[in-house]
1. Could you say which residue among Phe302, Phe344, Phe324, Phe348 is under 16 Å from the mean Cα position of the chain (by Cα) and not assigned by TED's automatic domain parsing to the domain that holds Asp144?
2. Which numbered condition trips up Thr333, out of (1) among the polar types (S, T, N, Q); (2) assigned by TED's automatic domain parsing to the domain that holds Ile140; (3) in a helix (DSSP H, G or I)?
3. Any residue in region 369-376 that is touching a residue at least 40 places away in the same chain (Cβ under 8 Å), assigned to a helix (DSSP H, G or I) and more than 24 Å from Ile140 (Cα to Cα)?
4. Test each condition in (1) more than 26 Å from Gln290 (Cα to Cα); (2) outside the structural domain of Met336 (by TED's automatic domain parsing); (3) buried (at least 19 other Cβ atoms within 10 Å of the Cβ) for Lys150 and report the one that comes out false.
5. Given the conditions (1) more than 22 Å from the chain's Cα centre (by Cα); (2) under 24 Å from Ser358 (Cβ atoms); (3) modelled with pLDDT of 95 or more, report the number of the one that Asn31 does not fulfil.
6. Out of Asn38, Asn26, Asn54, report the one residue that is in a loop (DSSP other than H, G, I, E, B) and in contact (Cβ under 8 Å) with a residue 12 or more places away in the chain.
7. Any residue that is over 27 Å from Arg261 (Cα atoms), at pLDDT 95 or above and outside any helix (DSSP H, G or I) - is there at least one of those in region 143-153?
8. When the residues of region 304-344 are filtered to those that are more than 26 Å from Asp78 (Cα to Cα) and of a type in the set (A, V, I, L, M), which remaining residue is modelled with the lowest pLDDT?
Amino acid sequence: MFLQKLFLINFKNYREQELRFSPKFNCFVGNNGEGKTNLLEAIHYLSFCKSFFNLIDSQNILHDTAFFVIQGEFVIKDKTENVYCGLKRGEKKQFKLNQKEYSRLAEHIGYIPLVVVSPMDEELITGGSEQRRKFIDRVISQFDTDYLDKLIIYNKILLHRNALLKRFAENRYFDKIELEVWDTQLIPLGNEIHNKRMQFVQNFNPYFQKYYEQISGNGADNEYFTNLRITNNEQVSFVYDSQLNDNNFENLIRETIVKDRSIQYTSAGIHKDDLVFNINDYPLKKFGSQGQQKTYLTALKFAELEYLKKMKNTNPILLLDDIFDKLDETRVTRIMEIVGSPDFGQIFITDTHKERISDILEKQNAEFKMFEIKKGSVVE
């Protein structure tokens with residue numbers, strides 16, 4: 001699977017642009033602020049029906065225009081597939097596959113599997129638990145549509161339950177039966193989501209461990225990330241932390257009702273889940289060096305890609321946004337060697353150094369296209 005053509009109208013700083021891509025490497029080069037990342041955003045739209053960087057759709061429309069259009073032509077199993085996304089100010093977003101509009105955007109998720117690696121990934125370590133839950137949900141939703149459907153329903157029911165708790169407090173009354181109407185719907189959904197998350201983390205861990213060891217290196221490969229090397233006795237872990245791991249959800253809901261009434265919010269459930277990132281049994285956020293954190297995140301994303309490849313039986317598209325900014329040439333070269341292997345499919349890269357990235361790819365005899373970006377204009 002690969003994206004062979006992208007067409008934009010009034011998207012971000014692109015008034016009208018058409019691009020044709022290589023099935024392997026595609027490099028967007030230019031100074032900061034010229035629009036390189038905007039092209040990655042457009043590709044992300046075609047997979048997830050939304051931007052990765054700006055979730056307010058209307059803000060992605062070119063200034064002083066009324067709409068934007070993103071169209072992509074994909075080759076999937078030797079068949080050409082057309083994906084369309086359009087938005088007019090003040091109207092509902094349109095999303096189509098081969099000219100047929102989706103009734104629900106969720107129906108498209110997973111059709112174009114995709115992984116993003118960007119500076120924003122640091123939030124997985126430094127941010128709150130919501131960021132790490134989104135990571136789990138994004139991966140699972142791309143190969144399990146039932147999971148995504150149940151997650152959407154769970155979140156809607158949770159909103160109703162929280163609204164009811166707030167109404168109870170405002171009106172100074174409590175109706176146990178009314179609350180149980182929502183509990184009986186929330187509990188089975190929460191249990192199913194928890195089971196799938198737990199199974200995912202268990203299956204995902206070997207992929208993560210593999211890439212962490214590969215990137216940190218042993219023997220000759222230690223030239224990559226020289227300053228990021230770990231000693232042989234260092235261990236990393238990726239643990240699923242959930243209230244439901246050792247507790248019955250139904251009992252938790254009952255036990256926390258007094259607290260929930262006080263805080264006017266549902267305090268127990270899978271919406272409180274988290275991932276624990278450790279190194280040598282200590283929190284990575286506090287005790288991991290900058291290099292160890294970068295290694296951890298890179299391994300996490302490469303593992304995500306390989307796991308999706310296994311589950312979808314196709315190579316996901318990989319977006320690499322400005323990840324080489326603070327890496328030396330040796331480190332950049334090693335990353336390119338890894339993603340240039342047959343295990344990886346089509347790759348889109350943004351970089352400010354045209355010569356650096358072209359020299360590396362030429363030395364690898366890699367197939368690639370180079371696009372120079374300047375003020376919303378693209379020159380191949």
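1. Values: Phe302 fails: not assigned by TED's automatic domain parsing to the domain that holds Asp144; Phe344 fails: under 16 Å from the mean Cα position of the chain (by Cα); Phe324 fails: under 16 Å from the mean Cα position of the chain (by Cα).
Unique residue meeting the criteria: Phe348.
2. Of (1) among the polar types (S, T, N, Q); (2) assigned by TED's automatic domain parsing to the domain that holds Ile140; (3) in a helix (DSSP H, G or I), only one is false for Thr333: (2).
3. Let us first name the residues in region 369-376 that are touching a residue at least 40 places away in the same chain (Cβ under 8 Å), namely 369-376.
Checking the rest, the ones that are also assigned to a helix (DSSP H, G or I) come to none.
The answer is no, given that none of the residues of region 369-376 is touching a residue at least 40 places away in the same chain (Cβ under 8 Å), assigned to a helix (DSSP H, G or I) and more than 24 Å from Ile140 (Cα to Cα).
4. Going through the list (1) more than 26 Å from Gln290 (Cα to Cα); (2) outside the structural domain of Met336 (by TED's automatic domain parsing); (3) buried (at least 19 other Cβ atoms within 10 Å of the Cβ), Lys150 breaks only (3).
5. (3)
6. Values: Asn38 fails: in a loop (DSSP other than H, G, I, E, B); Asn26 fails: in a loop (DSSP other than H, G, I, E, B).
Being in a loop (DSSP other than H, G, I, E, B) and in contact (Cβ under 8 Å) with a residue 12 or more places away in the chain holds for just one of Asn38, Asn26, Asn54, which is Asn54.
7. Yes, region 143-153 contains at least one residue that is over 27 Å from Arg261 (Cα atoms), at pLDDT 95 or above and outside any helix (DSSP H, G or I).
8. Within region 304-344, the subset more than 26 Å from Asp78 (Cα to Cα) is 321-337.
Okay, now just the ones that are also of a type in the set (A, V, I, L, M), so 323, 327, 332, 335-336.
Values: Ile323: 80, Leu327: 64, Val332: 72, Ile335: 80, Met336: 83.
Going through the qualifying residues, I end up with Leu327.
The values are calculated or read from the model by the stated rules, or taken from the named source; none is laboratory data. No experiment lies behind these values; they were computed from the predicted model shown. Virtual Cβ from ideal backbone geometry, glycine too; neighbours counted across all protein chains shown.
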